[in-house]
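Report on the following structure.
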Amino acid sequence: MLLDARVLDLTDEAGAMAAELLAELGADVVRVELDGPDQLRRTGPFLADHDGDVEAGLAHLVFGSGKRSVALTSADVDRLEALARAADIVLLPLAVPGAVRQVVARLEDRPQPALGIVEVVFRRDEPGAVATDLVAVAAGGLLTLCGDPADPPTWPGGDLAWKQTSLVMAEAAVALLIAARRFGRGGRIVVSVQEAVDLTTVQSANANLWHWQRTIPSRRNPLGGGTTYRSRDGRWTSFTVHPPVYRHFADWVAEVLGDDGLAGPEWESLSFIDANRPITQGYAARMCAALDRDELIAQGQARGLLVLPVQDLDEVAADVHLNARGAYVDVEVPQLGRSVRQCASPFLVDGQRPARRAAPRYGAHTDEVAAEWLEGPARTPVAPTGPPAANLEGADPHLPLAGVRIVDFCWAIAGPLGTRLLADLGADVIKIESEHRGDPIRYTGVQPADREPSWNTVGQYNDCNVNKRGVTLNLNTREGVDLARRLAATADVVTSNYTPDRLDRWGLGYDVLRVARPDLVMANLAVMGTAGPNKGWRSYGSGIVAMCGLAARSAAPGRVPSCIGTLHTDFTVPYYGAAFVMAALLRRDRTGQGAFLELSQYETAVRLLEVELVEALNGLAPGSGIGGRPDRRGPEGVYPCLDDRPADLSSGEIDGDRWVAVSCRDDADRRALATVVGADPEGDDLARRLAAWAAARDVWAATAALQAVGVPASPVETLRDLLFADKGAAAMFHPVDLGDGLSALVREEPILWDGERLPIRMRAPVWFEHTEEVLCGELGVPDEEFGQLIADGVLF
């Protein structure tokens, strides 16, 4: 899909996954390793019988997949600059070495308009601040949500800050490629790690919890109750009561428990169901206790309920559904003389997965890349067959999807947030909704405290749907389906995250729609994909987190393996999806071909633990569960500090729950830490001295003292910190006017493009808002017919 794209990969662990994904999408990714094998190669664990072998580190085998390796020294600045100028995209590391810094300075002195550079910083206002994954999840507001209320904040597994940063970088890189193809301009996108992490808390720590309700969520004060319960056989199950199928749940309760307490007329209201979650959760716990896990899941999923297993990595590796779908492949690694079982690509195009290629031997392509990139004939510029340049005259090159229309059948968070990313880049996204299949994010979430609940005012709905238009159709009618089909004929892209065959059953499947629009790109983002024994399973992000191994991997010993404090995959899937759709549009611009895109949310979720999963897939003993790095000497963890919160902002927080996250990456960090806390860097009491030192200090003062000597540190930030105490983070929150004297706070995207935020051009659509504008003004439905459609219940 990115067949003609060249990507120069200079990333460290913060962005390595970004380059891996671009390689899977077809780009020619060249990884430059300076002054010997890079850190990814030298990071354990290693394949059995290959301990310390730079060709056998699991991180290298995973994140190096599909790339080519070029070996240079720090003195090869001219060669490195030449490679950068021969590339379409340059991906920079978080910790920028001197040679790379020189190259960036030269590119700034003599810029190339079409070159795209993706840079990454830890904090937007402190470019010199240093971070590890632990420190980043603390700064981004994720860590405070994770763990048992009786424990300190618990570092989740999977290096989630680096994964989210990489996903943002990959999407940014494809957006830059589109801008270069359509406008002849690339630019420089700067990704903030802190902001990327914070975006994953949109559901659990929505800014409007404070803005409207003066509430600050944490692991001790979560937005919603638990969804993880022990089944009769002792195994754990994730069970979320989904309001649209509530009646099936109530009937099942009555059947199994003989209890009809959920049958009253008040339970007909979706808002009432959402407001009474503690009651439904109690019934869910009783249902789990009454049945064995497999029976519970089989019966629940047959009723359309969100019942999923909490799995460890061995179960994920043996998962019948994933194996039946070909989600794991054996990759031949010639330099090791063996194959390594790994995750297959999650990107299916017209039913086919791209091949997973082995990570390269160190320096294997140094001469080959020089011959192709530096000494070969100049490349012929790609001639796009997409929207003519005349149609884009006057368009903002930072909105490279101007002129692209997306008809969006997505609901909840994972799908709508993905199409919001495309809308932010200029696409005309038309959200299709039905009263008979209401988007749960319209009534599930934070509402203004002093107003009646409304389908237009949920904070999470507004975060996920700004910059879109909305059309309300009854797709249970022939006329409604006909209108949807006519609208799809005007679209470049159609998206859906319903169960796999829902659009087909309405008569809106790909084979139908592409008759009128042969170059249509359709993206299906179903939970389990479109095929496989469990293809009909349904879930929210909490169930996917449980099923993919992340919940179990993030639980402290002896604690419930509950969701990590966020419905985390709801915020990773959108970036996979947006990058995938844009890559398909680039291919269409190049070839004129449409495509059916399939992206299983479950398959993208297992990639969050890909390195750890490779251990299980290849018979290795699993490493530690919750976050941690065996290659670091430490100390690394969270330490209590003085409570510094003013009384008028402490609502919803627990006194004394203030922590600083600290990481020592190496001996240099350890020595620097020892000088600050007054300890012997070689002694055994450094962690104890750090704890005593931190306990006597304000968390911000402790952080500043450690960052000043280059030790990664951050407060474990709460929503209150991000809104008020952390001045650099405040720009993440954008006020939008909802009318009637009400405003909402919406998260900005975690990127700056040439120093500018992507504009929030319009608030999320209120119910029915653009139905007449689109159907009458753009499809040509006569006024009298429009009125009759309303009277007939086709339009709401």
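The values are calculated or read from the model by the stated rules, or taken from the named source; none is laboratory data. Everything quoted here is computed from the prediction, not taken from an experiment. Cβ sites come from the backbone with ideal geometry, for glycine too, and all protein chains shown count toward neighbours. Just so you know, the surface numbers come from the protein's heavy atoms only, side chains and all, with ligands and any DNA or RNA stripped out. Shrake-Rupley method; radii C 1.70, N 1.55, O 1.52, S 1.80 Å.
Worth pointing out:
- The stretch 79-126: radius of gyration and largest Cα-Cα distance (Dmax), Å: 11.0, 32
- Virtual paramagnetic centre 7 Å along Cα→Cβ of Val245, amide N under 20 Å, in the stretch 427-462: 434-445
- With the simple spin-label model, which puts each label point 7 Å out from Cα in the Cβ direction, the Met762 to Arg357 separation comes to 4.2 nm.
- At most 12 other Cβ within 10 Å, DSSP loop - trypsin sites (Lys or Arg not before Pro), the stretch 686-742: Lys727
- Extreme residue, positive dipole direction of the chain, given options Val494, Leu520, Tyr283 (C-beta unit charges): Leu520
- Summed over the residues of the chain and divided among them, the accessible surface reaches 34 Å² per residue at a probe radius of 1.4 Å.
- Per-q log10 I(q)/I(0), the stretch 150-221, q = 0.12, 0.19, 0.20, 0.28 Å⁻¹ (Debye; single scatterer per alpha-carbon; no solvent): -0.51, -0.89, -0.93, -1.20
- Taking every full run of DSSP H in the chain, the ones that stretch at least 30 Å from end to end by Cα along their long axis and average -1.0 or higher on the Kyte-Doolittle scale are 160-183.
- Full extension of the segment from His436 to Arg338, taken as 0.36 nm per residue of separation minus the current Cα-Cα distance, would add 29.9 nm.
- Charge dipole magnitude, Cβ of K and R +1, D and E -1 - the stretch 1-141, Cα centre, debye nearest 20: 340
- For the chain, a simple Cβ point-charge model (Lys and Arg +1, Asp and Glu -1, everything else neutral) yields a dipole of about 500 debye relative to the Cα centre.
- For the stretch 529-594: rounded, prolate or oblate by the Cα gyration tensor [a/c cutoff 1.5]: prolate
- At an R0 of 45 angstrom, the distance between the Cβ atoms of Asp259 and Val512 translates into a FRET efficiency of 0.50.
- As a ratio to 2.2 N^0.38 Å, the alpha-carbon radius of gyration for the stretch 82-232 is 1.31.
- Cα gyration tensor category, rounded, prolate or oblate, for the stretch 406-476 with a/c compared to 1.5: oblate
- Shown here: the stretch 430-525, whose C-alpha atoms stretch 50, 25, 22 Å along the first, second and third principal axes, sorted largest to smallest.
- Taking Cβ atoms as reference points and 11 Å as the exclusive limit, the residues near Ile564 contribute a net charge of +2, counting Lys and Arg as +1 and Asp and Glu as -1.
- Extent along principal axes [Cα atoms of the stretch 269-374; Å; largest to smallest]: 67, 31, 27
- Straight-distance candidates among the aspartates and glutamates for linking to Lys468, with alpha-carbon spacing under 12 Å and chain neighbours fewer than 8 residues away dropped: Asp408, Asp424, Asp428, Glu769.
- Quarter of the Cα convex hull surface for the stretch 8-90, i.e. its orientation-mean projected area (nm²): 5.3
- Taking amide H positions as modeled 1.01 Å from N, with prolines and chain starts lacking one, the residues under 5 Å from Phe122 and 5 or more places away or on another chain are Val193.
- A run of the chain free of exposed loop cleavage sites, with GluC sites (Glu not before Pro) counted only in DSSP states other than H, G, I, E and B and at most 12 other beta carbons within 10 Å, reaches its longest extent at 1-392.
- Projected over every direction and averaged, the convex hull enclosing the alpha-carbon atoms of the stretch 304-348 yields 4.8 nm².
- Computed [θ] at 222 nm, helices only, for the chain once each DSSP H run of length n ≥ 4 contributes -39500 (n - 2.57): -9500 deg cm²/dmol
- Value in Å of the Kirkwood radius, where the stretch 447-599 supplies the Cα pairs that are averaged: 18.0
- Cα-based shape type of the stretch 219-293, given that a ≥ b ≥ c are square roots of the gyration tensor eigenvalues and the cut on a/c is 1.5: oblate
- The distance from the alpha carbon centre of the stretch 739-795 to that of the stretch 1-62 is 42 Å, rounded to a whole number.
- J(HN,Hα) series, the stretch 509-524, from Karplus relation 6.51 cos²θ - 1.76 cosθ + 1.60, nearest Hz, glycine and proline x: x, 4, 5, 6, 5, 6, 4, 7, 9, x, 9, 5, 9, 10, 10, 9
- Distance histogram in 10 Å bins (all Cα pairs of the stretch 19-60, percent per bin): 30, 40, 29, 2
- For the stretch 714-756, the Cα-based Rg and Dmax, in that order, read 12.7, 39 Å.
- For Val481, net neighbour charge (Lys/Arg +1, Asp/Glu -1) across residues whose Cβ lies under 14 Å away: +2
- Of all DSSP beta bridges confined to the chain, the antiparallel ones make up roughly 50%.
- Label corresponding to percent of Cα pairs over 35 Å apart when calculated from the structure given, among (1) 68; (2) 46; (3) 62: (2)
- Across the stretch 462-470, coupling constants 3J(HN,Hα) worked out from phi with the 6.51/-1.76/1.60 Karplus curve, θ = phi - 60°, read 5, 4, 8, 10, 5, 6, 10, 10, x Hz, and Gly and Pro carry x.
- With both residues required to sit in the stretch 375-526, DSSP beta bridges show an antiparallel share near 5%.
- Counting protein heavy atoms only, the chain has 51 percent of its accessible area on carbon and sulfur, 1.4 angstrom probe.
- Per-residue 3J(HN,Hα) values for the stretch 354-362, derived from phi via the Karplus relation 6.51 cos²θ - 1.76 cosθ + 1.60 with θ = phi - 60°, read x, 5, 8, 9, 5, 5, x, 5, 4 Hz in sequence order (x marks Gly and Pro).
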